[in-house]
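For reference, the structure is listed below as structure tokens.
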Amino acid sequence: MIAADEKQDKWSPDSWQARKIWQMPEYDSPEELRERYNELKHYPPLVTSWEIEKLRKRIAEASNGQGFIMQGGDCAESFDTCNSDTIVKLLKVLLQMSFILIHEMNTPVTRIGRIAGQYAKPRSSDFEKVGDKLIPSYRGDLFNSFEPNEQARRVDPARLVEAYQKSAMTLNFVRSLTDGGGFADMHHPEYWELNFMKKNQYYAEYKQMVESIHHAIHFVEAISPNRVHTLKNVDFYTSHEALNLYYDSAQTREVPHKPGYYNLSTHMPWIGNRTRQLDGAHVEYMRGIRNPIGIKVGPPYETDEILRLIELLNPDQEQGRITLITRFGKDKVPEHLPGLIRAVNRAGFHVLWSCDPMHGNTYATNSGIKTRAFNDILCDIKQTFEVHRSENTILGGVHLEMTGGDVTECVGGANGLNEAGLGENYLSYCDPRLNYEQALEMAFLIAREWKLSRRKDLL
Ligand code: PEP
Ligand code: CO
């Protein structure tokens, strides 16, 4: 292991290359890689340092109970779905979910998409069996292609540039939609789908809430007719797993009048559960950037290791820097979360606690389809709220895999999708996502849990 002070001395956007690198397959042509990397280095940034600083402030506020962070999007974005329909639908559902949360929680909600760069995936196996052949696994469009043949699975450096281009197109459209009133029709009732909730026991409550949101939107529009600072401008941030470090480090730059380096490819990069080794390349890269960062924490882990990681990534204990995204799985939350919370508190560390109820709750059906059950996801969230309540800490965010489309990837929810229906519209290249209806219902139920956890405090 490298000594801590040695680590502190020598950071540069490329210093990670001297560390052990997990989950990044090798490129077979160093020349081609260098060429693409240098090309990427010269392109304009996708986001700005002041947007990044603003998000850090929002995260700090949420960690102090003044706000909530809602992060969500695809498990893996793909180059093919960089289109208007997919982007509009994801933004629409994230916006509607945030309205539900704001309305029910009475607190500001910050939206962060897993979008405009979520193109690289860690995999449990380097190879995949196709027929009787072993071919390299798909690792996200930033590395190789989903098509199941040897040639398509070649790790191609040209994808670094294509990922940048697709991210730029996505972000350009996101910015137009969120700045220009593209969602001004949010107050039309038909924009909100209600019927699917009819089978949910909370339908009446849900219906009333949607009506109340319409009234609130009309009210805001009536008192501020030019609407410049209300519904026309929606704060929206981007995030992705900083997994392909060539991609992230090529876009890591110094900016005028501020110290340090920023990853200008996204507002909030995160470290995955499989790449958070203290002496690994990903941690080395992350420690030198100024962005707020997420850390996924799930089994297997050692509490001491997580504490050292927080210390290493946030030596000055700046608020808003670290979001701990716990992803234990529904049965493991009561066993793991209290100990981790206590250890973080004892160390005096300040973090935003967020819950990823997706990645600990994945299973395969008998016919081998990867899915997640709506009730398991909800149960994970309920238990996480419960533990934070009894530990006197704040659950300040959630992290969901979801889409605005009508996919059939997770089972359950008010519409009662079952395993037999999974094949109908299963589109994910990686993990199963909540569909539009499941995501809206989940937002409503998250808000319910949040209110319940507050109410219990008063008892
Ligand atoms: C993910 O968020 O898509 C992911 C791979 O999660 P984790 O690192 O928690 O396994
Ligand atoms: Co995933």
Looking only at region 94-134, and only at residues there that are of a type in the set (Val, Ile, Thr) and either touching a strand residue (DSSP E or B) at 6+ places or on another chain (Cβ under 6 Å) or within 15 Å of ligand 2 (Cβ to nearest atom) (or both), the one that is nearest to Gly72 (Cα to Cα): Ile112
Identity of the residue in region 348-373, aromatic (Phe, Trp, Tyr) and surrounded by fewer than 23 Cβ atoms within 10 Å (Cβ to Cβ), that ends up nearest to ligand 1 (Cβ to nearest atom): Tyr363
Exclusive hit being closer than 30 Å to Val47 by Cβ, in contact (Cβ under 8 Å) with a residue 40 or more places away in the chain and more than 16 Å from ligand 2 (Cβ to nearest atom), set Asp316, Asp279: Asp279
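To keep it simple, each residue is scored yes or no on (1) within 16 Å of ligand 2 (Cβ to nearest atom); (2) touching a strand residue (DSSP E or B) at 6+ places or on another chain (Cβ under 6 Å); (3) at positive phi; (4) not aliphatic (A, V, I, L, M).
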site: Asp380; (1), (2), (3), (4): yes, no, no, yes
site: Thr384; (1), (2), (3), (4): no, yes, no, yes
site: Arg389; (1), (2), (3), (4): no, no, no, yes
site: Leu395; (1), (2), (3), (4): no, yes, no, no
site: Val398; (1), (2), (3), (4): yes, yes, no, no
site: Asp406; (1), (2), (3), (4): no, no, no, yes
site: Ala414; (1), (2), (3), (4): no, no, no, no
Where a residue in region 348-361 is farther than 17 Å from Thr323 by Cα and in contact (Cβ under 8 Å) with a residue 12 or more places away in the chain and its partner, wherever it lies, is within 16 Å of ligand 2 (Cβ to nearest atom) and part of a loop (DSSP other than H, G, I, E, B), with Cβ under 7 Å and at least six apart: Gly360/Gly298; Gly360/Arg327; Gly360/Phe328; Gly360/Gly329; Asn361/Gly329
Sole residue being among the aliphatic types (A, V, I, L, M), within 19 Å of the chain's Cα centre (by Cα) and at pLDDT below 95, chosen from Val228, Val234, Val220: Val234
Output for region 22-69, where each listed residue is in contact with a helix residue (DSSP H, G or I) (Cβ under 6 Å, 6 or more places away or on another chain) and within 16 Å of ligand 1 (Cβ to nearest atom): Ile69
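The values are calculated or read from the model by the stated rules, or taken from the named source; none is laboratory data. Computed from a predicted model, the values in this text were never measured in an experiment. Note: ideal-geometry Cβ built from the backbone for every residue, glycine included; neighbour counts use all protein chains shown.
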